[in-house]
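So the structure is just underneath, and the comments pick up after that.
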Amino acid sequence: QVRLVESGGGLVQVGGSLRLSCAAPGRTYSTSHMGWFRQAPGKDREFVAIISWSGDRTYYADSVKGRFTIVRDNAKNTVYLQMNSLKSEDTGLYYCATNLGGWSTELRRYDYWGQGTQVTVSS
């Protein structure tokens, strides 16, 4: 079973930046697409970004397009989410997940999840 570990969350002011990391210690996921999701208090978990297994294809939710960038380093078994120009509505618990079922933004198509890392954007 793949174990994913997210890190890099924290408290940041509006307009600031954070870089989240998602690592898979001891395992390889180089043949899996990878996605980031987030969940705000009282809301459903929502799609943020996805990157193909090779890293040459990405897709973003409209709410983060132009501000967030997803990249991966397969040699390090790590996926990153660079978040710039953060807004208060970006606050939430951010999860990474493996997408073995084919390119998708649907939560149900993702197989293994990390425990999440908290991002809080204060105004």
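Placing 6, 46 in order of accessible area, with the largest value first and a 1.4 Å probe, yields 46, 6.
Beta bridges per DSSP, both residues in the chain: antiparallel share near 90 percent. Carbon-plus-sulfur accessible fraction, the chain (probe radius 1.4 Å, protein heavy atoms only): 46%. Computed with a 1.4 Å probe over protein heavy atoms only, the accessible area of residue 111 comes to about 70 Å². On a per residue basis, the chain carries 51 Å² of accessible surface, using protein heavy atoms and a 1.4 Å probe.
If eta is 1.002 mPa s and T is 20 °C, what Stokes-Einstein diffusion coefficient results for the chain, Kirkwood Rh from Cα pairs, in µm²/s? Let's see the in-between values first.
Values: Rh = 14.2 Å.
The diffusion coefficient I find is 151 µm²/s.
Projecting the Cα positions of 71, 83, 60 onto the charge dipole of the chain (unit charges on Cβ atoms of Lys, Arg, Asp and Glu, taken about the Cα centre) puts 71 furthest along the positive direction.
The values are calculated or read from the model by the stated rules, or taken from the named source; none is laboratory data. What you are looking at is a predicted structure, and each value in this text was computed from that prediction instead of being measured. As a convention, Cβ positions derive from the backbone with ideal geometry for all residues, glycine included, and neighbour counts pool all protein chains shown. To get the accessible areas, we keep the full protein, side chains included, count just its heavy atoms, and leave off ligands, DNA and RNA. Shrake-Rupley method; radii C 1.70, N 1.55, O 1.52, S 1.80 Å.
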